[in-house]
Structure formats: C-alpha cells, structure tokens
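In what follows, a structure is listed as structure tokens, so that the remarks can point back to it.
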Amino acid sequence: MMLFKRLAGCALALAAMNASADPEQAIQQTLDRLQFPAKVSAVSQTPIAGLYQVELENGRVLYASDDGKYMMQGSLFDVSTEQPRNLTAAAEAEARGTKQAIDAIPQEELVIFAPDKPKTHVTVFTDVDCGYCRKLHSEIEELNELGIEVRYAAFPRSGMGNPVADTMQSIWCADDKQTAMTRAKQGKSVKSAKCDDPVAKQFELGQKLGVQGTPAIFLANGIMLPGYKPAEVLAAEAMAYE
C-alpha cells in the first residue's frame, strides 16, 4: 500500500513539473541542441492548445509543441470563417516589419482611389505598362464599391531612367494624379511634369520588401499577394484580416 502511495506521489510530482515547464525554454533548448542557425525572437501560443509559434530573427515562423519535442514548418490557416486566414503569413509580415514599412509611406506620396467609407485598404506597387496592372485598374470602381481603398505606390519594373519611369514620375507630379494614373493605365499619354517625386524611393522600398513583379498587392496587415486578383477575390481576402 505504501509503495502505491509513493508511486502516486512521484506521478503527481512529475505531472506538476511538466505543467510548470516553460514552453519557450523547452523549445529554445531543442533548437540549441539541433544547432539551429537562426535565432529566436519570440515564442507565443497559437489558437491551438499545446502548439506554439516560434518567430525567428530572419522573419520566418516555425511551430513547436509546448515540450519542444515536435516541430513543423508550414502555413497555419484559420478556417473558422467564410474566408480562410493565413495566420503564418500574417505573423511573418509582422515579424519582418512589412506592415510598418508600408504604413510609413506618407499618404500624400501615394495615388489613392478611395470609396466614401472604406472598409479596408490595399497598397499596390504598380507599373503603368504592366498588363495585369492595367486589368486591376480597370476594376478600381468595383473595388471601391466593395469598400476597398486602393493605394498605389510606384514600381517601374525596368528601373529608373526609362520612358515608363518618366511617365510614372509625371503621374506623381500631376495636378490630378488619379486622372493621370487612369490615362496611363489605358495606354493614353500623360502630360510631362517634374517635381520632387517619390518614384525612385518607392521603387527602392518595393525591392526591399521583396517585390519582383507587378502588381504586388499588400493587404492592410502587410501580407503580400503577388500578381493580379479579380476584384471580388481581392476584396474577400482583404476583408478576411479585418
């Protein structure tokens, strides 16, 4: 009888030790043992019991069990709502500072098409000579009707010092930037204009954020959607993170 009591006491002690174990410490010990090359910047609980999100200094995200015995890499989706939400992409955008970098662009340096009462916004790095950029712009009214504010940043794909970049500089220097943008996206001429424009600065920022082609669409939380999305699809994805 005494033996059973001792065993029960040991079991309770082990359970208490496991319950009080620090998941962050356990996960870090595992990564140290594996000589993992990237440093951990933060460990936090996910919506799934026992599963932790591990943010790395390089902006990537891993997932680990609370005891550090199991790890995985991949995208975690919240499918509890009508539109699935990529929680991993949102976490990585936050860790990399993408949202902060996008939000830091002065509003007056963007070409904005906004509805009266926006529900959310997207920031689009665009090139006026890009076919899919033109297709996206042809749906700008529909996006506005769906409550999506579209903020254009400049990204001349061929770089600066060419006719397309010159046109984009003229758009940003125009008295009516929205009309100039629409004309350029329709293949029409834009009146040449010069000013202290932000085109080169925005092109450089796009490169830093990983933009390789246009349109590059950034949701309000910093997630990048590379390439064209039909208006209804884009609006649904943008609204999913609100």
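The values are calculated or read from the model by the stated rules, or taken from the named source; none is laboratory data. Given the structure is predicted, the values throughout are model-derived calculations rather than measurements. A quick note on method: Cβ atoms are made from the backbone with ideal geometry, for glycine too, and the neighbour counts reach across all protein chains shown. Protein only, heavy atoms only, side chains kept; ligands, DNA and RNA dropped before computing areas. Shrake-Rupley method; radii C 1.70, N 1.55, O 1.52, S 1.80 Å.
Rundown of residues vs (1) open to solvent by 40 Å² or more (accessible area, probe 1.4 Å); (2) more than 30 Å from Trp172 (Cβ to Cβ), yes/no style:
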site: Gly68; (1), (2): no, yes
site: Met71; (1), (2): yes, yes
site: Gly74; (1), (2): no, yes
site: Val79; (1), (2): yes, yes
site: Glu94; (1), (2): yes, no
site: Gln107; (1), (2): yes, no
site: Lys119; (1), (2): yes, no
site: Glu139; (1), (2): no, no
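If you take the residues of the stretch 121-136 that are in contact with a strand residue (DSSP E or B) (Cβ under 6 Å, 6 or more places away or on another chain), open to solvent by less than 10 Å² (accessible area, probe 1.4 Å) and not hydroxyl-bearing (Ser, Thr, Tyr), which of them is nearest to Arg157 (Cα to Cα)?
Applying the filter and picking the extreme gives Phe125.
Write out, first by first residue and then by second, each pair whose Cβ atoms fall under 7 Å of each other, whose residues are 6+ apart or on separate chains, and whose first residue, in the stretch 92-121, is in contact (Cβ under 8 Å) with a residue 60 or more places away in the chain while the second is open to solvent by less than 50 Å² (accessible area, probe 1.4 Å) and of a type in the set (S, T, N, Q).
What qualifies is Ala93/Asn221; Lys99/Asn221; Ile102/Thr123; Phe113/Asn144.
If only one of Leu219, Leu234, Leu205 is over 23 Å from Ser75 (Cα atoms), crowded, with 18+ Cβ neighbours inside 10 Å and among the hydrophobic types (A, V, I, L, M, F, W, C), which one is it?
That would be Leu205, the only listed residue that is over 23 Å from Ser75 (Cα atoms), crowded, with 18+ Cβ neighbours inside 10 Å and among the hydrophobic types (A, V, I, L, M, F, W, C).
Give the stretch 82-112 a look and list any residue that's part of a helix (DSSP H, G or I) and either in contact with a helix residue (DSSP H, G or I) (Cβ under 7 Å, 6 or more places away or on another chain) or over 25 Å from Gln45 (Cβ atoms) (or both), or say none. Before you say what the answer is, go through the steps one by one.
Residues of the stretch 82-112 part of a helix (DSSP H, G or I): 87-95, 98-103, 107-109.
Ala93, Lys99, Ala101, Ile102, Asp103, Gln107, Glu108, Glu109, listed by residue number.
Take the stretch 49-81 and flag every residue that is farther than 20 Å from Gln28 by Cβ and out of contact with any helix residue (DSSP H, G or I) (no Cβ under 8 Å at 6 or more places or on another chain).
Within the stretch 49-81, the first condition is being farther than 20 Å from Gln28 by Cβ, and the residues that meet it are 49, 74-81.
Within the stretch 49-81, Ala49, Val79, Ser80 qualify.
Could you tell me whether Glu141 is without any contact (Cβ under 8 Å) to a residue 40 or more places away in the chain, within 22 Å of Glu232 (Cα to Cα) and outside any helix (DSSP H, G or I)?
No, not satisfied.
Checking Gly210 against (1) modelled with pLDDT under 95; (2) in contact with a strand residue (DSSP E or B) (Cβ under 6 Å, 6 or more places away or on another chain); (3) not acidic (Asp, Glu), which single condition isn't satisfied?
The number of the failed condition is (2).
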